[in-house]
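This report concerns only the one structure given below.
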Amino acid sequence: MGRDDRKKPATYEDIEALPVGWVGEIVDDALYASPRPIPRHLRVASRLGAMLMAPFEFGSEGPGGWWFLDEPELHLGRDVVVPDLAGWRRERVPEPPADVPWLVAAPDWVGEVISPSTESVDRFRKLPVYRREGVGHAWLIDPLRRTLEVYVRQPRRWESVARHEGARAVRVPPFEARLLDLGLLWLPPREARGGVPTPP
């Protein structure tokens, strides 16, 4: 939901007043609220995080040098956003702060798992905020279409550098050091549509 332009700018108190189980974000003074993601969405985000953390955070058969968080609350200027996944390069931000409920250091990479109800906000509201704040790379992952869109920040816009579909193994910036097996992200087709998978 977005605010009517005649209303006063949204505040953090508006987020705190949301029903339990809802996620609130403020972009351009407008409140956007959505229920907690469904399991299909969470599964993709969780698997992607696991695939990235082993080589890029823990250095297991990979270069390390990053740390990641699931659904961090980011306070970026007047905007409050909650990407599904975010990563910071340790050379710029060595460790996550231990004693604050949100972060003010923009990540170096964000991953948004989009759905029909969130795609417009993720694509047209939040991506400009991330670019403005200096986020270098953004991914849009669509579990229904089984696609990964890859964007690299340019001074005046995001540049779309790749769109991968299906169960391919690909190298994707900024994590080209390891192949990413997209097939591990997706549910079986019938289960992804909400049906019951047929037993073998």
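The values are calculated or read from the model by the stated rules, or taken from the named source; none is laboratory data. All of these numbers come straight from a predicted model, not from anything done at the bench. All Cβ positions, even for glycine, are placed from backbone atoms using ideal geometry, and neighbour counts span all protein chains on display.
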Run down LEU140, LEU85, LEU144 and say which single residue is of a type in the set (A, V, I, L, M, F, W, C), at pLDDT below 95 and closer than 28 Å to GLU165 by Cβ. LEU144
Residue within the stretch 90-101 that is closer than 24 Å to GLU176 by Cα, modelled with pLDDT of 95 or more and touching a helix residue (DSSP H, G or I) at 6+ places or on another chain (Cβ under 9 Å) present: no
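Mind counting the residues in the stretch 132-146 that are of a type in the set (Lys, Arg) and either more than 13 Å from ASP79 (Cα to Cα) or buried (at least 19 other Cβ atoms within 10 Å of the Cβ) (or both)?
Residues meeting the conditions: 2.
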Determine which member of the set GLU91, GLU95 is touching a Gly at 6+ places or on another chain (Cβ under 8 Å) and assigned to a loop (DSSP other than H, G, I, E, B). GLU91
Please count how many residues of the stretch 102-129 are without any contact (Cβ under 8 Å) to a residue 40 or more places away in the chain, within 21 Å of ARG156 (Cα to Cα) and part of a helix (DSSP H, G or I). 6
Within the stretch 104-132, restricting attention to residues that are touching a helix residue (DSSP H, G or I) at 6+ places or on another chain (Cβ under 9 Å) and among the aliphatic types (A, V, I, L, M), which residue is farthest from TRP66 (Cα to Cα)? ILE114
List pairs: first in the stretch 90-101 and over 14 Å from LEU74 (Cα atoms) and free of Cβ contacts under 8 Å to residues at least 24 places away in the same chain, second of a type in the set (D, E, K, R) and assigned to a loop (DSSP other than H, G, I, E, B), Cβ under 8 Å, 6+ apart or cross-chain? ARG92/ASP108
In the stretch 175-200, how many are at pLDDT 95 or above, out of contact with any helix residue (DSSP H, G or I) (no Cβ under 9 Å at 6 or more places or on another chain) and part of a loop (DSSP other than H, G, I, E, B)? 2
Pairs only if they're at least six apart or on different chains, beta carbon under 6 angstrom, first in the stretch 154-180 and farther than 23 Å from PHE124 by Cβ and in contact (Cβ under 8 Å) with a residue 60 or more places away in the chain, second part of a strand (DSSP E or B) and β-branched (Val, Ile, Thr); list them, first residue then second. LEU180/VAL170
Which condition number in (1) of a type outside the set (S, T, N, Q); (2) on the phi > 0 side of the Ramachandran plot; (3) part of a helix (DSSP H, G or I) is the one that GLY134 fails? (3)
Answer residue from the stretch 6-29, given it is in contact (Cβ under 8 Å) with a residue 60 or more places away in the chain and part of a strand (DSSP E or B) and is nearest to ARG132 (Cα to Cα) among those: VAL27
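Answer yes or no as to whether ALA50 is surrounded by fewer than 21 Cβ atoms within 10 Å (Cβ to Cβ), aliphatic (A, V, I, L, M) and part of a loop (DSSP other than H, G, I, E, B).
The answer is no for ALA50.
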From the options LEU103, LEU140, residue that is more than 12 Å from the chain's Cα centre (by Cα) and of a type in the set (A, V, I, L, M): LEU103
